[in-house]
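The structure appears below as structure tokens.
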Amino acid sequence: MLLAIDTSVGTSVAIVDRDLGTLAVASSPDTRGHAELIGVLIDECLRDSGIAVTELSGVVAGMGPGPFTGLRVGIAAARAFAFGTGVPVVPLASHDAVAFGEDEPIVVTTDARRRELFYSVYSGSDDAGLPLRVEGPALAKAEGFVAPAGHHLIHATSIDAASLGHLAETWYAVGRPFPADEPLYLRSPDVTISAGPKRVTG
């Protein structure tokens, strides 16, 4: 049984089980209120599902791509929750959750702001139903962006944490090693630390 968290677009939390299915989902489309929402949504899912924290076997973290500030909130929450409960973090690309279950060639895009898109290209799914990513995640200008010939374009305005959780369950069931636990920011944060102290003038 897994708790799944994604903040690469809005904020989405779910509790899923391979046999029992989706037990609870809570989400918000707000792309800037991740820090205020994440704890509330986790609590809501635990209450709605009736699942005790001790019943969870892992925490799935959507690793992006996504804007730096929002994405790191979800990843930090997943890591903190996993540490506190003594279960592993399962890192997966957020775009893979959108592509999960798609058999045809597709391109998944999400808003990267600044008139840009994050995109990932998939050739379909393997025999286990896992998405086959052949390019990306990467960053591109939104204006004029088109999918390669023969690919259906899916612009995702949200990432469903339930799909992310079921993807992780399938990934584990077929014995495939999980990806590295590295966030897919693809771009530096908007705010940086200055090289030295500011000069004070009187």
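Do you know which residues across the stretch 83-109 are within 21 Å of Thr22 (Cβ to Cβ), surrounded by fewer than 20 Cβ atoms within 10 Å (Cβ to Cβ) and of a type in the set (A, V, I, L, M, F, W, C)?
Val87, Val89, listed by residue number.
Would you kindly identify the strands (runs of 3 or more DSSP E) lying entirely within the stretch 1-120 that contain at least 1 residues that are more than 23 Å from Thr170 (Cα to Cα)? Walk me through it before giving the result.
On the way: elements: 2-6, 11-17, 21-28, 58-62, 89-92, 106-113.
The qualifying strands (runs of 3 or more DSSP E) are 21-28, 106-113.
A quick yes/no check of all residues on (1) assigned to a loop (DSSP other than H, G, I, E, B); (2) in contact with a Leu (Cβ under 6 Å, 6 or more places away or on another chain); (3) modelled with pLDDT under 95; (4) among the hydroxyl-bearing types (Ser, Thr, Tyr):
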| position | (1), (2), (3), (4) |
| --- | --- |
| Ser123 | no, yes, no, yes |
| Ala128 | yes, no, yes, no |
| Arg133 | no, no, no, no |
| Glu143 | yes, no, no, no |
| Leu186 | yes, yes, yes, no |
| Pro189 | yes, no, yes, no |
| Ser194 | yes, no, yes, yes |
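Looking for whichever is in contact (Cβ under 8 Å) with a residue 60 or more places away in the chain, over 19 Å from Val121 (Cα atoms) and small (Gly, Ala, Ser) here; the options are Ala156, Ala162. Which one fits?
Just one listed residue meets the conditions, Ala162.
Which of (1) under 17 Å from the mean Cα position of the chain (by Cα); (2) closer than 24 Å to Ala112 by Cβ; (3) free of Cβ contacts under 8 Å to residues at least 12 places away in the same chain does Ala80 not meet, given it meets every other one?
(2)
The values are calculated or read from the model by the stated rules, or taken from the named source; none is laboratory data. Note that the coordinates shown come from a computational prediction; the quantities given were computed from them, not determined experimentally. As a convention, Cβ positions derive from the backbone with ideal geometry for all residues, glycine included, and neighbour counts pool all protein chains shown.
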